[in-house]
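The values are calculated or read from the model by the stated rules, or taken from the named source; none is laboratory data. Please read all numbers here as calculations on a predicted model, not as lab measurements. A quick note on method: Cβ atoms are made from the backbone with ideal geometry, for glycine too, and the neighbour counts reach across all protein chains shown.
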Amino acid sequence: MLYCYCVALLLFVLSYVLIVCTVPLPPGVNPIAIDKYIKIELETNNLIKVLQNAAKEAIPNNDPQNTTNNIPYEIRKLIAEKRKARSTWQRTHTPDSRKRYNQTNNKLKSKLQGMRNESFKAYVSRLKIDDNTIWKPIKHKKKPTASQPPIRKNSTPPGPWAKSDKEKADLFAEHISEVFSPHNNDPNQEVEQDLSTPVHQHERLKPFTLKEVKNEITKLNHKKAPGIDLITAKMLKELPQEGLLNLMYILNAIILLEYWPESLTQTQIIMPPKPGKNPIEVTSYRPIILLPTISNVLEKLILKRINKESNPQD
């Protein structure tokens with residue numbers, strides 16, 4: 001019993017040290033406040049993991065089912081007769097065995113075609129406008145499937161072709177780093193002095209209420225693509241009262257400690273092609289940044305709170 005307790009304590013200490021080493025903390029952080037930052041990271045990661053697991057369990061399993069037993073007995077009998085006739089013809093190669101095999105094969109094809117027609121008629125008859133099932137067959141037929149040709153850098157001479165996903169990702173990363181180069185970060189003494197001069201007394205934002213969090217989640221567009229954590233707007237809208245309270249506590253802790261968790265700062269960049277551009281050139285794609293949905297909610301809440309406190313008369 002004592003051995004198990006020591007092992008568990010050792011694992012806890014190791015995991016704590018690992019988190020302390022991996023969590024990026026702001027410069028000049030008070031060592032006493034490190035526990036609070038780590039707790040925000042843990043609680044945020046735990047909430048994201050719970051939402052991901054819940055969504056995974058809620059998605060039905062679409063494994064292909066065995067449809068052999070759904071074949072009518074008459075067709076299964078014709079399949080057995082066809083195999084038997086083919087085996088006889090392969091052994092004897094007589095005209096009668098060949099004729100018997102062709103007749104059985106044609107009869108089986110006719111029965112299968114009739115079964116497919118009946119199945120399609122039954123499927124179409126179940127489609128209704130009331131429950132929107134009539135739009136499911138054409139849902140994925142609106143846009144043609146776009147090909148993904150190799151790309152290269154449009155330079156003189158042209159760069160090498162990027163074919164695999166990793167080669168394309170490296171080429172896009174190089175292109176984005178060249179196009180979106182940062183500005184000169186050399187400190188300006190006058191600007192630094194103006195920023196360091198206190199204009200008014202610093203006041204923290206007031207905590208968010210549960211009603212504010214609910215209203216902001218309700219306004220989310222469920223058609224927007226999620227971030228790298230795959231937390232969608234619909235998942236947040238389906239949160240129970242306990243989940244909303246947990247989210248509210250995390251958001252209030254973020255503004256209280258003025259620390260943004262790392263899991264809410266990770267973004268995903270996708271590169272859709274520009275319309276009418278040559279798809280083989282790297283400049284024919286534009287970057288779109290997908291932020292985590294929870295981070296979007298927090299940004300909107302902070303923006304509203306700042307506008308409300310800066311303009312109290314509005």
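Here residue 303 meets the list (1) free of Cβ contacts under 8 Å to residues at least 40 places away in the same chain; (2) closer than 29 Å to residue 171 by Cβ almost entirely, failing just condition (2). Against the numbered list (1) assigned to a helix (DSSP H, G or I); (2) within 30 Å of residue 307 (Cβ to Cβ); (3) at pLDDT 85 or above; (4) not hydrophobic (A, V, I, L, M, F, W, C), residue 192 comes up short only at (3). Screening segment 271-314 for residues that are of a type in the set (Asp, Glu) and in a helix (DSSP H, G or I) and picking the one that is farthest from residue 229 (Cα to Cα) gives 309. Could you list, in sequence order, all residues of segment 251-290 that are aromatic (Phe, Trp, Tyr) and under 24 Å from the mean Cα position of the chain (by Cα)? If the condition is that a residue be aromatic (Phe, Trp, Tyr) and under 24 Å from the mean Cα position of the chain (by Cα), then 260, 285 are the ones that fit.
Checking each residue in segment 255-270 for being crowded, with 18+ Cβ neighbours inside 10 Å and either among the aliphatic types (A, V, I, L, M) or out of contact with any Lys or Arg (no Cβ under 9 Å at 6 or more places or on another chain) (or both) picks out 255, 261, 263, 264. Taking residue 62 as the residue in question, decide whether it is modelled with pLDDT of 90 or more, under 30 Å from residue 231 (Cα atoms) and surrounded by fewer than 11 Cβ atoms within 10 Å (Cβ to Cβ). Judged against the criteria, residue 62 is not a match.
Quick grid of which residues meet (1) in the same structural domain as residue 277 (by TED's automatic domain parsing); (2) modelled with pLDDT under 90:
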{"position": "67", "(1), (2)": "no, yes"}
{"position": "89", "(1), (2)": "no, no"}
{"position": "97", "(1), (2)": "no, no"}
{"position": "110", "(1), (2)": "no, no"}
{"position": "117", "(1), (2)": "no, no"}
{"position": "130", "(1), (2)": "no, yes"}
{"position": "153", "(1), (2)": "yes, yes"}
{"position": "157", "(1), (2)": "yes, yes"}
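Of the residues making up segment 207-256, those that are over 22 Å from residue 58 (Cβ atoms), part of a loop (DSSP other than H, G, I, E, B) and polar (S, T, N, Q) number 1.
Take residue 212 and decide whether it is of a type outside the set (S, T, N, Q), at pLDDT 90 or above and surrounded by 15 or more Cβ atoms within 10 Å (Cβ to Cβ). When the stated conditions are applied, residue 212 passes them.
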